[in-house]
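Here's the structure, in structure tokens; my notes come after.
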Amino acid sequence: MELFEALKNRRSVRFYEDKPVELSKLNNILEAATWAPSAGNVQPWIFVLVRKKEALENIKNFSPGIIGSPSAIIVACIDLNKNHYVKGTEEEYIEGRILSIIDLAMACENAMLAALEFNLGTCAIRSFNRKAIEEILNLPNNIEPELLITVGYPKIQPKKPPKLSLEEVVYYEKYGVKTNE
Amino acid sequence: MNDFSESTKTDQSKLFIRYVSYLISSALGLMTEPSEYGPIRLLFAVKKLIEILKSMKLEDDYLNQLLINISENQHLLLEDKEFLKKFLEEESKKIAKKLS
């Protein structure tokens, strides 16, 4: 799939076919995630791939944002020990944490776009019980789950959502200037 | 009266514990999530509860039909706030009629 076509066709898919996703495809998706840009090339991300039925069911029960039944879940985490300012002031540490989350978000978008190459649907989920997920996945204290990406073959392809036009969100050279002339 | 074996009781307990985990996670999430998530969380809690009752053979025609209605419309219920409101109003009328 061409990149721009993929960008325009990605949807938040919530309902999936009851069909397993091949591990090789999931690993390709994860590899795409790791090619995301990262400030200072720190790469603060850790991904936990969950495919077993019982584990998926457990995560689902603690994740109200998951409505359908995905075949896999990628739990996208940040490694607090890889904070850009791990030994800095509190203010710097918070800035480092923001950078980590920005990096992780870009990695997740890479993964969701790569999934389209395999006709797979994805949905980024933030509505999950963080403490419970940490417990279920046996995450150490320095690994914090930030986003779940559900993956599966779409049962229902959501319709195109309304998007703000360029005129509404883009200014040229200075804020408030709406033409590029 | 149902006569459940120990293993059946354990399985049923597990279903309810999973249900409770969904409710607790929803309550925790809704403390910081957008308030419009609340109605859909509650409606899906209803769906999960009916599924549990059905698995325990505690069936009811109205509840079975409600489960079908939610399942068949869940995509629209998620995406269309007005549709969700009308759906909840219609089901409220049906329940009131059934109970009166």
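The values are calculated or read from the model by the stated rules, or taken from the named source; none is laboratory data. Remember, predicted model here, so these are calculated numbers, not experimental data. Positions of Cβ are generated from backbone atoms using ideal geometry, with glycine treated the same way; all protein chains shown enter the neighbour counts.
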Exercise. Could you grab me the full set of residues in region B:1-44 that are basic (K, R) and more than 28 Å from B:K86 (Cβ to Cβ)?
Key: B:K9, B:K14, B:R18
Self-check item: Residues of region B:16-31 that turn out to be within 10 Å of chain A (Cβ to nearest Cβ) and surrounded by fewer than 16 Cβ atoms within 10 Å (Cβ to Cβ), as a count
Solution: 4
Quiz item: Does region B:53-78 hold any residues that are under 28 Å from A:P158 (Cα atoms) and surrounded by 14 or more Cβ atoms within 10 Å (Cβ to Cβ), and which are they?
Solution: B:L63, B:L66, B:L67, B:N69, B:I70, B:N73, B:Q74, B:H75, B:L77, B:L78
Exercise. Could you list, in sequence order, all residues of region A:32-54 that are away from chain B (no Cβ under 12 Å), out of contact with any helix residue (DSSP H, G or I) (no Cβ under 7 Å at 6 or more places or on another chain) and under 17 Å from A:K19 (Cα atoms)?
Key: A:R51, A:K52, A:K53
Exercise. Please go through region A:85-141 and pick out each residue that is in contact with a Phe, Trp or Tyr (Cβ under 8 Å, 6 or more places away or on another chain) and at positive phi.
Key: A:N119
Quiz item: When region A:1-40 is examined, which residues are found to be hydroxyl-bearing (S, T, Y), closer than 22 Å to A:I125 by Cβ and surrounded by fewer than 18 Cβ atoms within 10 Å (Cβ to Cβ)?
Solution: A:S12, A:T34
Quiz item: If the Cβ limit is 9 Å and pairs must be 6+ apart or interchain, which residue in region A:128-157 that is in a helix (DSSP H, G or I) pairs with which residue that is modelled with pLDDT of 95 or more and basic (K, R)?
Solution: none
Practice problem: Looking for whichever is in contact with a helix residue (DSSP H, G or I) (Cβ under 8 Å, 6 or more places away or on another chain), modelled with pLDDT of 95 or more, within 14 Å of chain B (Cβ to nearest Cβ) and at negative phi here; the options are A:I59, A:I78, A:I73. Which one fits? | Solution: A:I59
